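The values are calculated or read from the model by the stated rules, or taken from the named source; none is laboratory data. None of the values given here were measured: they were computed from a predicted structure. Backbone-built Cβ (ideal geometry, glycine too); neighbour counts: all protein chains shown. Accessible surface is based on the protein model in full, side chains and every heavy atom, while ligands, DNA and RNA are left aside. Shrake-Rupley method; radii C 1.70, N 1.55, O 1.52, S 1.80 Å.
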Amino acid sequence: MDFLVNLLAIWARLYPSLVSGFAVTISVALAAIPLALLGALLLTPLRMWGGSIIHAVTGAYIEFMRNTPLLLQIYLIYFGLPLLGLYPSEFMCGVIGIAMQHAAFLAEIYRGGIESISQRQWDAARAMGMTWATALRNVILPQAGLRILGPIGNQLIILVKDTSLVSAIGVVDLTMVGKVSIERLAVTLEIFLAIALIYLALTGALGAVLRIIERRVLERIG
Amino acid sequence: MMPNVLINNLPYLLKGALVTLELSVVVLIAGNLLGLVIGIVATSVGRIGQSLITAYIFVLRGIPILVIMLLGYYAFPALGYRVPAYVAVGVAQIIYVSAFVAEIVRSAILSVPSGQIAAARSLGMRRFSILKEIVLPQATRIAIPPLLNNSLTAIKQTSYVSVVGVWELTYAAREVVERTLASFQIFLGVMAIYFIICYPLSLLARRWERRAAVVQ
Amino acid sequence: MPMIEIRDLRKSYAELEVLKGISFDVEKGEVVVVLGPSGSGKSTMLRCINLLEEFQGGGIRIDGEAIGYTTTEGGKRRRRKEAENAKLREQVGMVFQSFNLFPHRTVLQNVMMGPLKVKGIARREAEALARDLLKKVGLLDKADQYPARLSGGQQQRVGIARALAMQPKVMLFDEVTSALDPELVGEVLRVMRQLAQEGMTMIIVTHEIHFARDVGDRIIFMDHGAIVEEGPPANILANPKSDRFKQFLRRYQGDYLDT
Ligand SMILES: Nc1ncnc2c1ncn2[C@@H]1O[C@H](COP(=O)(O)OP(=O)(O)O)[C@@H](O)[C@H]1O
Ligand SMILES: [Mg+2]
């Protein structure tokens, strides 16, 4: 009982910082998500239908991004760009790093979706006199889009969790709020319990929303 | 900014890579074993046990690994245990990985058609031998690609222990960059080391994915 | 001038020669039924007519227009531009064994898609046309359903309506009833029979021999990538000349005697 009262008292004192940290976390996510989705949209056609050099370059980019830690990608941007005379904010560095890695993962998801549509759908579309581009736009992409809703949702949830890495370069997001509050409040576990719960609520809510959307869309076409 | 900064510091970085490898091996073995047990148990216990495991999986998977590590890092001293930092974050990583493994194993087992189990039972097979002869072999084929991908993620996220001060490859890289300011060379070089560790696993995962697609 | 003119059509997959010089004509309004064992090259031939496959030799003309390739005066074979070929494909409707409806679109949208996206017809007209065709195949009441909700026979009738919506000069049918439960075959054949009566030029690949005899003006029997026999149904079915055709008919005799 004492413990609980104590915990709530600490959380009450932590509340204002939690709110501002949460706002930063959400901002990082909201900035990175469209960038990642668009970046993947750019990568996918280059990877799938670009000439052999473009294919190789985008392939190398995607594999490099998928097989190296996000933390290092963020460090590379944050500590590397100043050498080129560029000084983006910590926030920007974090957003760019996250978007660059997740664009690579999303591009693989997009490609998988497009390749999963059977050749017969292409045949049916082209037999009607559709050009390749018309068939892609009207027949293949809409179906692929429906099919990858779930995987995209999962990837975005991972992205939201990955925003916590921006704390490593000093962005005062939810995770960083925890670290800086330790000295002020002279407690540790209580702080990170609160932070863990907030992340859990955030990813849980996002997951629930994405599942509802997916079910709504998919139940139509069975 | 000559590439010799990387070459000069390579021995030091490779020492870090060795620690990263050790950490990865421990986390992968322990995390996968723990997750395997939890996943199998989840499919063979009662309602309450299932709910507990579901909660375990849901909670851990919904929280960033960094936060789980910080919780682990502060939990030991708060509970009155003094352990080295690498033990605390190592345990946190193992538990985190186990939740993902448990979910993969559980859903792979549940995806084996119930008709198969009914058929085996009608042959008079016992519960344990049904699991061993019928369910697990089929579930294994389904689970291997996601397990490999999960292991890939686990290796990459061992780098996050550097954030709480555990010395390994990424920590070593930061030290060298602070000393030399050669951020491009060092970080790209270190990323290349991670790539060399991770890429074969990535290829393996893709091979198994393709094989699974053919079986279906 | 024949509606379809096929001359010495040759097609290989790497080493494997699948079509070994096929030649025949189909007159306007004629219904040609193609019979042949599985693997004899029937699908490949239809797919060449619609340019879903490249072919290496010979030529195909639809209503006088060369499909896929043109031959220059020097005798050199050149592939036509993609846009030209797409234009030519519009004149050839095709119905597939596996229906291949677009699952993300309703029945009505499936039928409207060609007029709308290929021909660029106004939406109102396209919808009127699509509803007419759905009525013709007896599925107007399913217009707003998604294909997954339909039976195989219904899906295949939508497939026919979708092909007709392009107002093609020629219709190709590739074993369109082979994937159907037996009790659903009749409803699809009925639609095809009606089309034949209306004077549509058709090439029908099928194993339904009694249907071939009833509806076909001519039967072609293919084996191993070549035409073995051809002629009017009554003659050719009653007096098969080659052993291969006799064997083939014996195998499908069950169907044949059914009528
Ligand atoms: N994409 C392909 N690649 C290689 N061989 C093929 C391909 N499609 C068909 N074939 C071969 O071509 C031959 C004719 O096939 P097909 O035209 O489908 O015959 P049918 O429709 O009469 O059953 C078969 O031997 C088949 O194996
Ligand atoms: Mg065929």
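I'd like to check something: does the stretch A:111-134 contain any residue that is closer than 29 Å to A:Glu63 by Cα, buried (at least 19 other Cβ atoms within 10 Å of the Cβ) and of a type in the set (Asp, Glu)? Checking the stretch A:111-134: not a single residue is closer than 29 Å to A:Glu63 by Cα, buried (at least 19 other Cβ atoms within 10 Å of the Cβ) and of a type in the set (Asp, Glu). From the list C:Ile209, C:Ile227, the lone residue that is among the hydrophobic types (A, V, I, L, M, F, W, C) and either under 25 Å from C:Glu17 (Cβ atoms) or open to solvent by 40 Å² or more (accessible area, probe 1.4 Å) (or both) is C:Ile227. Residue-level analysis places C:Ile121 outside the set of residues that are away from every other protein chain (no Cβ under 12 Å) and at pLDDT 95 or above. You will find that of A:Thr188, A:Thr134, the residue that is within 30 Å of C:Thr44 (Cβ to Cβ), without any contact (Cβ under 8 Å) to a residue 60 or more places away in the chain and of a type in the set (Ser, Thr, Tyr) is A:Thr134 and no other.
Scanning the stretch C:151-171 for residues that are away from ligand 2 (no atom under 16 Å from the Cβ) and more than 10 Å from chain A (Cβ to nearest Cβ) yields a count of 14.
Number of residues in the stretch C:172-195 that are open to solvent by 20 Å² or more (accessible area, probe 1.4 Å), within 14 Å of the chain's Cα centre (by Cα) and more than 16 Å from ligand 2 (Cβ to nearest atom) equals 1. Whether a residue is open to solvent by 30 Å² or more (accessible area, probe 1.4 Å), among the acidic types (Asp, Glu) and within 14 Å of chain A (Cβ to nearest Cβ) was assessed, and B:Glu22 does not pass this test. Summed over the stretch C:92-127, the residues that are within 16 Å of ligand 1 (Cβ to nearest atom) and aromatic (Phe, Trp, Tyr) give a count of 1. For the stretch B:139-146, the criterion of a residue being crowded, with 17+ Cβ neighbours inside 10 Å, in contact (Cβ under 8 Å) with a residue 40 or more places away in the chain and charged (D, E, K, R) is satisfied by no position.
Selection over the stretch A:64-89 of residues that are open to solvent by 50 Å² or more (accessible area, probe 1.4 Å) and among the hydroxyl-bearing types (Ser, Thr, Tyr) gives a count of 3. Candidates are the residues of the stretch B:147-157 that are more than 9 Å from chain A (Cβ to nearest Cβ) and open to solvent by 10 Å² or more (accessible area, probe 1.4 Å); the one that is farthest from A:Ile77 (Cα to Cα) is B:Leu147. Checked against (1) in contact with a Gly (Cβ under 9 Å, 6 or more places away or on another chain); (2) within 9 Å of chain A (Cβ to nearest Cβ); (3) closer than 21 Å to C:Leu129 by Cβ, C:Asn110 passes all but a single condition, namely (2).
A single entry from C:Leu116, C:Leu164 fulfils the requirement of being under 27 Å from C:Met3 (Cα atoms) and more than 22 Å from the chain's Cα centre (by Cα): C:Leu116. Among the residues of the stretch A:162-175, the one identified as farther than 9 Å from A:Ile74 by Cβ, open to solvent by 10 Å² or more (accessible area, probe 1.4 Å) and within 10 Å of chain B (Cβ to nearest Cβ) is A:Asp162. For the stretch C:92-107, residues that are more than 8 Å from chain A (Cβ to nearest Cβ) and under 19 Å from the mean Cα position of the chain (by Cα) total 3. Residues in the stretch A:191-216 that are facing chain B (nearest Cβ under 7 Å) and without any contact (Cβ under 8 Å) to a residue 12 or more places away in the chain were compared, and the one that is farthest from the chain's Cα centre (by Cα) is A:Ala196.
Pick out the one residue from A:Lys161, A:Lys179 that is under 15 Å from A:Thr25 (Cα atoms), in a helix (DSSP H, G or I), within 18 Å of the chain's Cα centre (by Cα) and of a type in the set (D, E, K, R).
A:Lys161
Conditions tested, residue by residue: (1) within 16 Å of ligand 1 (Cβ to nearest atom); (2) at pLDDT below 95.
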site: C:Ala148; (1), (2): no, yes
site: C:Arg162; (1), (2): no, no
site: C:Glu187; (1), (2): no, yes
site: C:Val205; (1), (2): yes, no
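Listed by first and then second residue, the pairs linking a residue in the stretch C:31-44 that is within 14 Å of chain A (Cβ to nearest Cβ) to a residue that is among the aliphatic types (A, V, I, L, M) and more than 8 Å from ligand 2 (Cβ to nearest atom), with Cβ atoms under 9 Å apart and 6 or more places separating them unless they lie on different chains, are C:Thr44/C:Val18; C:Thr44/C:Leu19.
When the stretch B:179-192 is filtered for residues that are more than 9 Å from chain A (Cβ to nearest Cβ) and open to solvent by 20 Å² or more (accessible area, probe 1.4 Å), the ones remaining, listed by number, are B:Arg179, B:Thr180, B:Gln185. Can you find a residue that is modelled with pLDDT of 95 or more, within 14 Å of another protein chain (Cβ to nearest Cβ) and assigned to a loop (DSSP other than H, G, I, E, B) anywhere in the stretch B:66-79? No, there is no match, as no residue in the stretch B:66-79 is modelled with pLDDT of 95 or more, within 14 Å of another protein chain (Cβ to nearest Cβ) and assigned to a loop (DSSP other than H, G, I, E, B). The condition (being away from ligand 1 (no atom under 15 Å from the Cβ) and more than 19 Å from C:Tyr69 (Cα to Cα)) is satisfied by just one residue among C:Val26, C:Val33: C:Val26.
Report those helices (runs of 4 or more DSSP H) wholly inside the stretch A:31-140 carrying at least 1 residues which are within 14 Å of chain C (Cβ to nearest Cβ).
Helices (runs of 4 or more DSSP H) meeting the threshold: A:90-116, A:119-127, A:132-135.
For the stretch B:158-173, the set of residues classified as facing chain A (nearest Cβ under 7 Å) and open to solvent by 20 Å² or more (accessible area, probe 1.4 Å) consists of B:Val163 only.
If the condition is being open to solvent by less than 30 Å² (accessible area, probe 1.4 Å) and part of a helix (DSSP H, G or I), then the stretch B:46-65 contributes B:Gly49, B:Ile53, B:Ile57, B:Leu60, B:Ile65.
Checking each residue of the stretch A:52-63 against the condition of being out of contact with any strand residue (DSSP E or B) (no Cβ under 8 Å at 6 or more places or on another chain), buried (at least 18 other Cβ atoms within 10 Å of the Cβ) and more than 19 Å from A:Ile169 (Cβ to Cβ) gives at least one match.
Within the stretch C:127-158, being of a type in the set (A, V, I, L, M) and either closer than 21 Å to A:Leu136 by Cα or open to solvent by 50 Å² or more (accessible area, probe 1.4 Å) (or both) holds for C:Ala128, C:Leu140, C:Ala148.
Scanning the stretch C:53-76 for any residue that is within 16 Å of ligand 2 (Cβ to nearest atom), over 22 Å from C:Ala196 (Cβ atoms), of a type in the set (Val, Ile, Thr) and within 14 Å of another protein chain (Cβ to nearest Cβ) turns up nothing.
When C:Val33, C:Val26 are checked against the criterion of being within 15 Å of ligand 2 (Cβ to nearest atom), in contact with a strand residue (DSSP E or B) (Cβ under 6 Å, 6 or more places away or on another chain) and not basic (Lys, Arg), a single residue qualifies: C:Val33.
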